[in-house]
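Undergrad: The structure's right below; bear with me while I get my questions together.
Bear in mind these aren't lab numbers, they're just calculated from the coordinates by the rules spelled out. Remember, predicted model here, so these are calculated numbers, not experimental data. Positions of Cβ are backbone-derived with ideal geometry, glycine not excepted, and every protein chain shown enters the neighbour counts.
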Amino acid sequence: MKLTQNLTVSNKAGFHLRVASMICKEAMKYEDEITLANGSYKADCKSCLDLLAIMAPCGTTLSLEVEGEHSETIASVFTEMFEKKFWEDEYSKTE
């Protein structure tokens, strides 16, 4: 099964190493093909280096594409990560 959806980076710090590491760690749990795209750049979610090259500040909309038997589960987990702002802003001292 193939699934595509848009996700918006909404944490203040944007897409950075900790976020990329979190996504990569989650993606490695599955055999499915998982990519995030920013415009024409497509990153393999199982590669931290690919993910770091996304260059997505707060407000950027990325396209998630998942292909495999766990696509709905993966999309749900990724959506939660993005919606929860990767659990970062709750610890931020700046408003």
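Undergrad: Roughly what angle does helix 71-83 make with the longest principal axis of the chain, taking Cα atoms, 0 to 90 degrees, to the nearest 10?
TA: It works out to around 10 degrees.
Undergrad: Which GluC sites (Glu not before Pro) in region 27-78 sit in a loop by DSSP (not H, G, I, E or B) and have at most 12 other Cβ atoms within 10 Å of their own Cβ?
TA: Glu31, Glu69
Undergrad: Could I ask something else about it? Among Cys45, Cys24, Cys58, which one shows the highest mean-square fluctuation when the chain is modelled as a Gaussian network with alpha-carbon springs under 10 Å?
TA: Cys58
Undergrad: Given the rule -39500 (n - 2.57) for each run of at least 4 DSSP H residues, summed and divided by the residues of the chain, what is its mean residue ellipticity at 222 nm, to the nearest 500 deg cm²/dmol?
TA: After summing the helix terms and dividing by the residues of the chain, the value is -9000 deg cm²/dmol.
Undergrad: Round to the nearest 10 and give me the degree value, 0 to 90, for the angle of helix 17-27's Cα axis relative to the longest principal axis of the chain.
TA: On a 0 to 90 degree scale, this one is about 30.
Undergrad: What are the trypsin sites (Lys or Arg not before Pro) within region 33-85 that DSSP puts in a loop, where the Cβ has at most 13 other Cβ atoms within 10 Å?
TA: Here the sparse-neighbourhood loop sites are Lys84.
Undergrad: What ³J(HN,Hα) values, in whole Hz, does the Karplus curve 6.51 cos²θ - 1.76 cosθ + 1.60 give for region 39-53 when θ = phi - 60°, with x put for Gly and Pro?
TA: x, 8, 7, 10, 10, 6, 5, 9, 10, 4, 5, 4, 5, 5, 6
Undergrad: A follow-up question, please. Label-point separation (nm) for Lys2 and Leu17, each offset 7 Å from Cα along Cα-to-Cβ?
TA: Going by the 7 Å Cα→Cβ label model, 3.6 nm.
Undergrad: Evaluate the distance, in nm, between pseudo-label points positioned 7 Å from the Cα of Ser47 and of Glu83 along their respective Cα→Cβ axes.
TA: For the pair Ser47/Glu83, the computed spacing is 3.1 nm.
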